[in-house]
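Since every read-out is calculated from the coordinates, none of them should be taken as a lab result. Keep in mind the model is a prediction, meaning the values are calculated, not measured. Here the Cβ positions follow ideal geometry from the backbone for every residue, glycine too, while neighbour counts run over all protein chains shown.
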Amino acid sequence: MEIINDMLHAIQQKGERIKPTHLMYKSNLSHKLLKSYLEELIDKELVKEEITKDNYKYLVITDKGLEFTQKFRQMREFTESFGL
Amino acid sequence: MLQFRFSPDWFYGIDSIFEIVSIIVALLIAFSSYKIYKFTKEAKYKYFSLSFVLIAIAYVFKILTNFTLFRQSIIEKTIGDLTYTFLAIQKSDIFLILGYLLFRFLMLIGLIGIYLILDKQSKQTEVNKRIIVLLTFFAFITAMISHYYFIIFHITAALLLGFITYLFYNNCKKKCTQTSRLVSTAFLIIFISQLLFILVQFNTEFYVVAEVFQLLGFIILLITYFLVLRK
């Protein structure tokens with residue numbers, strides 16, 4: 001869950017869209033791992049793929065993805081506040 | 001030494017309003033913790049939530065017993081040749097006894113729950129199930145004895161709250177954030193309130209001071225809750 005949040009946070013910080021290679025560097029994951037996590041993110045509709053006119057692939061965070069990061073932030077704050 | 005009312009007359013009923021605030025705050029924390037449990041499926045959040053639910057239920061019983069319960073009964077009396085019946089309202093002590101017993105027992109179980117979760121978290125060890133059974137038994141015995149010597153309950157609750165405050169303070173030292181500071185401050189104030197409840201035996205006005213401290217502690221927890229939500 002921490003990795004998924006890191007990935008979504010990286011996309012959010014890049015203006016809510018990022019190239020897959022940039023995401024790989026930012027999240028410090030191997031290509032194989034990134035692929036498997038991305039499949040999960042897309043499957044859960046937290047991220048969607050977009051192809052630009054000049055044929056570049058971008059990963060865009062969805063509203064559900066933004067909601068996830070917010071919930072995760074609240075959860076982490078709660079956990080840290082109560083030492084859980 | 002049976003004592004059911006600890007509040008001065010002018011404060012009677014106002015303490016129930018304070019308790020309602022405590023119930024709302026305890027339920028909000030329980031709800032947040034349960035939401036995290038649904039999200040992560042980690043059992044500690046479920047038990048943390050359950051502990052706060054028990055504290056909320058304990059306060060419900062305190063409020064119910066604060067409102068002295070009455071029951072109606074028909075009494076027949078004979079004076080000389082004259083027999084007359086009348087409807088009388090009698091104080092029902094059984095509800096008071098049961099209400100206070102449940103309040104004290106559930107409160108202690110809730111506090112023991114919070115303590116065990118925090119202690120397990122700080123030591124990263126498993127909680128022995130036999131310890132839980134033993135502590136539950138002691139909580140019951142304490143609640144029973146507190147029926148005759150009410151300060152036993154407050155001493156036990158203060159002891160547990162002292163340990164809990166210490167663990168929150170340690171957490172605050174490790175990860176010092178605004179909200180972790182507020183949580184340890186809130187529990188320190190609630191701990192002080194329990195010490196003040198012990199002094200009620202000398203002067204009932206201490207009950208008011210203790211209730212105000214307790215309310216202040218729960219209000220700080222409420223502020224913490226909203227600060228967490230704002231993130």
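Legend: ranking of residues B:Thr204, B:Thr78, B:Thr185 from fewest to most surrounding C-beta atoms inside 10 Å; resulting order B:Thr78, B:Thr204, B:Thr185. Cross-link partners of A:Lys57 among lysines, defined as those whose alpha carbon lies under 18 angstrom from its own and excluding same-chain residues fewer than eight positions apart: A:Lys14, A:Lys19, A:Lys26, A:Lys32, A:Lys35, A:Lys48.
Along its first, second and third principal axes, ordered by size, the stretch A:2-72 spans 35, 25, 22 Å in Cα coordinates.
Highest first, please rank the peptides A:33-45, B:128-140 by the mean number of other Cβ atoms sitting within 10 Å of their residues. Mind showing how you got there, number by number?
Numbers: A:33-45: 14.2, B:128-140: 12.7.
Put in order of decreasing packing, that is A:33-45, B:128-140.
Pairs of C-alpha atoms in the protein assembly as shown farther apart than 28 Å represent 53 percent of all such pairs.
How high is the relative contact order of chain B, in percent, counting Cα pairs under 8 Å that sit 6 or more residues apart? List each step's numbers first, then the result.
Working: 293 pairs, mean separation 50.1, N = 231.
22 percent.
Label-to-label distance for A:Gln70 and B:Ile97 is 5.4 nm, based on points extended 7 Å past Cα in the beta-carbon direction. Rounded to two decimals, the Cα radius of gyration of the stretch B:9-230 over 2.2 N^0.38 Å is 1.20.
Decide, for the stretch B:1-54, between rounded, prolate and oblate: order the square roots of the alpha carbon gyration tensor eigenvalues as a ≥ b ≥ c, take rounded if a/c falls under 1.5, and otherwise choose prolate if a/b is larger than b/c, else oblate. Before the final figure, lay out the partial values.
On the way: a/c = 8.11, a/b = 2.66, b/c = 3.05.
Cα axes put the stretch B:1-54 in the oblate bin.
Is there a quick way to get the dipole size of the stretch A:1-71? I mean about its Cα centre, with the Cβ of Lys and Arg at +1 and of Asp and Glu at -1; what is the value in debye to the nearest 20?
Working: 12 positive and 12 negative charges, 51 e Å.
About 240 debye.
The label point for B:Ile24 and the one for B:Ser122, both projected 7 Å from the Cα toward the Cβ, are 3.2 nm apart. Using a Cα-Cα cut-off of under 16 Å, which lysines could be cross-linked to B:Lys173, ignoring same-chain neighbours fewer than 8 residues away? Qualifying lysines at Cα under 16 Å: B:Lys123.
Out of B:Ile55, B:Ile117, B:Ile36, any idea which swings most in a Gaussian network model of chain B, alpha carbons joined below 10 Å? Among B:Ile55, B:Ile117, B:Ile36, the largest GNM mean-square fluctuation belongs to B:Ile36. Sequence-ordered 3J(HN,Hα) estimates for the stretch B:93-110 from the Karplus curve with 6.51, -1.76 and 1.60 and θ = phi - 60° stand at 5, 4, 5, 5, 4, 5, x, 5, 4, 5, 4, 5, 5, 5, 4, 5, 5, x Hz, glycine and proline given as x.
Given a Förster distance of 35 Å, report the FRET efficiency between A:Lys14 and B:Ile223 from their Cβ-Cβ distance, rounded to the nearest 0.05.
Working: r = 34 Å, r/R0 = 0.98.
My answer for the efficiency is 0.55.
Overall, chain B carries a charge dipole of about 1400 debye about its Cα centre when +1 sits on the Cβ of Lys and Arg and -1 on the Cβ of Asp and Glu, all other atoms neutral. Taking every DSSP bridge with both residues inside chain B, close to 100 percent are antiparallel.
Between A:Lys26 and B:Phe31, the FRET efficiency from the beta-carbon distance, with R0 = 35 Å, is close to 0.55. Site pair B:Arg130 and B:Cys176 shows an inter-label distance of 4.2 nm when each label is modelled 7 Å from Cα along Cα→Cβ.
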